[in-house]
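Report on the following structure.
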Amino acid sequence: RRGSTSITFTTVPIEFPPVTRLDPFNKKRILVTGGAGFVGSHLVDRLMLMGHDVICVDNYFTGSKTNIAHWIGHPNFELIRHDVVDPIMLEVDQVYHLACPASPVHYQSNPVKTLKTGFFGTYNMLGLSKRVKARFLLASTSEVYGSPEEHPQREGYWGHVNCIGPRACYDEGKRVAEALAYSYARQDGVDIRVARIFNTFGPRMNWNDGRVVSNFILQALRGEDLTIYGDGAATRSFQYVHDLVDGLIKLMASDCTEPVNLGTPQEYTIEEFARLSIDLVSEVRAGKETTKSKIIHLPPVTDDPPKRRPDITRAKERLGWEPKWKVREGMLETIVYFLQTLQP
Ligand code: NAD
Ligand code: UDP
């Protein structure tokens, strides 16, 4: 399978962008924590196709073996069931630390565990990186900006987070993870990279994670009403997963040790995004029954950030990265994926 650009995931063929085969002398041993999750599994695919040795560590809390099943048995791939809250001894050149639930429904279901993952998980992976002198990349989040008073958000903005609210377990977990990374860099010279990731979507998203993209696509596909929490004026900027994977790999390869926003600056209100979801589901189903879905409003959720849009100047200047996928194109791919995986 190595070197091919198409992989079969259960019954759904996933097309990957073209990748460069690495010079064997540049082959690295790479640990991806959370590699069985949505973003992690796409990152594992790309690193495997580049020819690296990849170790995936995951406790399957929100991820699934199915996401990386196509690599099991490949000589360059190793899968370890492990909880990053506990230490692990591995010898690697690079660590992509993604292990952490990302959807509010999941991370709020066990907030103490989310905080333990944020602190102890990152602490263990930084300790490992220090011991073996590996370069360490943290998957941080736009949530470190909280309910932002600056718009769009630049990396220099310190954020506005409610440390006692229901989202604090995730937001503060990621903020302490960043603080740990910079402390290890200062004190012990650990070679760190920090990606602040904005809302990301694509195939292999959990269909039941309660996030807006999966909810709206599912609701529209099933002809149910799309549920907007609050008045629909909140904004988000959505990035397609292949762009994020490009950004993570470029950041790891760069000399940029400051935090870097990775996201798509195109901003939608949730109301606009609901209408777009209905239109695109209808487009995918052209010729079949069009969706009967309407938009309904439910009570707002606590501490919901009212707006979010990345300033990606640093990523452009330091990494030569900017998103290539239009939201519309990515949504069409994601809708087709949901349609195929949800069919009996
Ligand atoms: P995901 O839930 O699909 O993946 C997270 C993976 O980590 C899962 O496979 C899960 O089983 C694993 N995991 C969770 N806790 C663990 C633990 N204690 N030990 C070992 N494995 C554990 O989420 P995702 O969307 O792929 O997010 C990946 C990373 O990117 C996360 O760190 C998340 O915070 C960050 N991020 C994602 C988004 C997004 O929109 N998807 C936005 C900002 C940041
Ligand atoms: N949202 C919504 N309806 C849903 C799911 C989410 O209106 O069915 C809203 C949510 O209140 C927030 C935005 O969509 O304003 C994005 O929510 P999500 O959970 O996807 O991610 P967040 O960016 O809040 O972590």
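Values for this structure:
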quantity: Any hit, the stretch 276-296, residues being in a helix (DSSP H, G or I), among the charged types (D, E, K, R) and within 21 Å of Glu224 (Cβ to Cβ); calculated: yes
quantity: Residues that are within 11 Å of ligand 1 (Cβ to nearest atom) and among the aliphatic types (A, V, I, L, M), drawn from the stretch 189-242; calculated: Ala195, Ile197, Met205, Val212, Val213, Val241
quantity: Matching entry among Glu149, Glu143, Glu172 (being at negative phi, of a type in the set (D, E, K, R) and not in a helix (DSSP H, G or I)); calculated: Glu149
quantity: Residue in the stretch 264-287 that is of a type outside the set (A, V, I, L, M), more than 21 Å from Gly232 (Cβ to Cβ) and loosely packed, with under 13 Cβ neighbours inside 10 Å present; calculated: yes
quantity: Tally of residues being among the aliphatic types (A, V, I, L, M) and more than 10 Å from ligand 2 (Cβ to nearest atom) across the stretch 206-221; calculated: 3
quantity: Residue satisfying all of: in the stretch 301-340; surrounded by fewer than 16 Cβ atoms within 10 Å (Cβ to Cβ) and touching a strand residue (DSSP E or B) at 6+ places or on another chain (Cβ under 6 Å); nearest to Val245 (Cα to Cα) among these; calculated: Gln340
quantity: Test: residue in the stretch 259-269 that is within 16 Å of ligand 2 (Cβ to nearest atom), in contact (Cβ under 8 Å) with a residue 24 or more places away in the chain and under 24 Å from Arg222 (Cα atoms); calculated: yes
quantity: Residue within the stretch 295-315 that is closer than 30 Å to Gly189 by Cβ and within 16 Å of ligand 2 (Cβ to nearest atom) present; calculated: yes
quantity: Every pair of residues 6+ apart whose Cβ atoms lie under 6 Å, when the first sits in the stretch 161-186 and is over 18 Å from Leu98 (Cβ atoms) while the second is buried (at least 21 other Cβ atoms within 10 Å of the Cβ); calculated: Val161/Gly146; Val161/Asp171; Cys163/Glu172; Ala185/Ile192
quantity: Close pairs (7 angstrom Cβ cut-off, 6 or more residues apart or separate chains): without any contact (Cβ under 8 Å) to a residue 40 or more places away in the chain in the stretch 191-220, among the β-branched types (Val, Ile, Thr) and near ligand 2 (Cβ under 10 Å from one of its atoms) anywhere; calculated: Asn215/Thr227
quantity: Residue that is more than 15 Å from ligand 1 (Cβ to nearest atom), more than 30 Å from Tyr182 (Cβ to Cβ) and either aromatic (Phe, Trp, Tyr) or over 15 Å from the mean Cα position of the chain (by Cα) (or both), where the choices are Arg314, Arg285; calculated: Arg285
quantity: The stretch 62-76, subset crowded, with 20+ Cβ neighbours inside 10 Å and not polar (S, T, N, Q), residue farthest from the chain's Cα centre (by Cα); calculated: Trp71
quantity: Within the stretch 122-175, considering residues that are touching a Phe, Trp or Tyr at 6+ places or on another chain (Cβ under 6 Å) and small (Gly, Ala, Ser), the one nearest to ligand 2 (Cβ to nearest atom); calculated: Ser142
quantity: Some residue of the stretch 114-132 being away from ligand 1 (no atom under 16 Å from the Cβ), assigned to a helix (DSSP H, G or I), in contact with a strand residue (DSSP E or B) (Cβ under 7 Å, 6 or more places away or on another chain) and of a type in the set (A, V, I, L, M); calculated: no
quantity: Matching residues in the stretch 225-245 - criterion: being β-branched (Val, Ile, Thr) and in contact with a strand residue (DSSP E or B) (Cβ under 8 Å, 6 or more places away or on another chain); calculated: Thr227, Ile228, Thr235, Val241
quantity: Pick from the stretch 29-70, criterion in a loop (DSSP other than H, G, I, E, B), closer than 19 Å to Leu90 by Cβ and not hydroxyl-bearing (Ser, Thr, Tyr), ranking: farthest from ligand 2 (Cβ to nearest atom); calculated: His52
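All of the numbers you see were taken from the coordinates with simple rules; none came from a lab. It should be emphasised that the depicted structure is a prediction, and the values quoted were computed from it without experimental measurement. Glycine gets a Cβ as well: all are built from the backbone with ideal geometry, and neighbour counts include every protein chain shown.
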